[in-house]
Amino acid sequence: MTCLSYKNSWEEICIKVQELALNNTQLNVKSANSLYGEILNCLQIASDDGILLAKQHEIRKLVQKSKSSAIKKNGYYAILGGKKNQKRDPNIPHFKLHNGCWFDFTITIDETSKPSQIIGFDFEIRFPKREDEVAVPFLRIDLNLPEHNNELKNLRFHLHPSNDVIMIHSPPMSPLEILHMFLYGIKIAEKPRATRS
């Protein structure tokens, strides 16, 4: 690929990146119930491994499946893992990890299509705040619902690196892959990296 110029060239790249992300991500599921079961199983194993600081009954209380509140039509479901918490308030129910991180998520499933499809999600993990930090550092990975205004920008699938305003194309990852990354793939350095002079 050669370096392109002009704004419309970047917009063409965004279209291609978005298509790649959506076409290469496993978004088909048997049903909302089957995905709910897989998520519960994943979280229970992480609890047994000592990664997730929640007992089995606490996991079942935090993970809920219900009709979607975002799409109020028959056949649309949501799986909630804790309460949505963009204020990053540690008092709102969430999952806690052994390394001091904490997270929640929401997944929207369309069972009117065959096969059923994940049509939106947001996963947000917060990192332990260091003494010199004012805000809680976080990473949020979103797949906005169809027809969201980010779809017009070809940024339906994106991430936010510790800033709600900054959006970057997300690598293609399914909700279970993101959940595994949050549980097993994020390592917190004991000391901050030394700055280069």
Please go through segment 96-118 and pick out each residue that is touching a residue at least 60 places away in the same chain (Cβ under 8 Å) and over 16 Å from ASN33 (Cβ atoms).
LEU97, ASN99, GLY100, CYS101, PHE103, PHE105
If you go through segment 143-166 one residue at a time, how many are surrounded by fewer than 17 Cβ atoms within 10 Å (Cβ to Cβ) and in contact with a helix residue (DSSP H, G or I) (Cβ under 9 Å, 6 or more places away or on another chain)?
2
Please identify the pairs in which a residue from segment 28-56 that is in contact (Cβ under 8 Å) with a residue 12 or more places away in the chain and of a type outside the set (A, V, I, L, M, F, W, C) has its Cβ atom under 7 Å from the Cβ atom of a residue that is crowded, with 16+ Cβ neighbours inside 10 Å and part of a helix (DSSP H, G or I), counting only partners at least 6 apart or on another chain.
GLU38/LEU176; GLN44/ILE59; SER47/ILE59; GLN56/GLN44; GLN56/SER47
Output for segment 164-189, where each listed residue is without any contact (Cβ under 8 Å) to a residue 12 or more places away in the chain and farther than 30 Å from ILE59 by Cβ
VAL165, ILE166, ILE168
Please work out which residue is nearest to GLN56 (Cα to Cα), limiting yourself to segment 89-118 and to residues that are surrounded by fewer than 21 Cβ atoms within 10 Å (Cβ to Cβ) and of a type in the set (Val, Ile, Thr).
ILE92
Going by the structure shown, is SER68 over 29 Å from ASP164 (Cα atoms), polar (S, T, N, Q) and touching a residue at least 12 places away in the same chain (Cβ under 8 Å)?
no
Of the numbered conditions (1) surrounded by fewer than 20 Cβ atoms within 10 Å (Cβ to Cβ); (2) in contact (Cβ under 8 Å) with a residue 40 or more places away in the chain; (3) under 13 Å from the mean Cα position of the chain (by Cα); (4) within 23 Å of LEU20 (Cα to Cα), GLN86 fails exactly one; give the number of that condition.
(4)
Can you confirm whether segment 127-135 contains a residue that is closer than 20 Å to ASN41 by Cβ, among the aromatic types (Phe, Trp, Tyr) and either buried (at least 17 other Cβ atoms within 10 Å of the Cβ) or in contact with a helix residue (DSSP H, G or I) (Cβ under 6 Å, 6 or more places away or on another chain) (or both)?
no
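None of the figures in this text is laboratory data; all of them are computed from the coordinates on show. Note that the structure is a prediction, hence the values are computed from the model and not measured. Quick reminder, even Gly has a Cβ in these numbers, built from the backbone with ideal geometry, and neighbours come from all protein chains shown.
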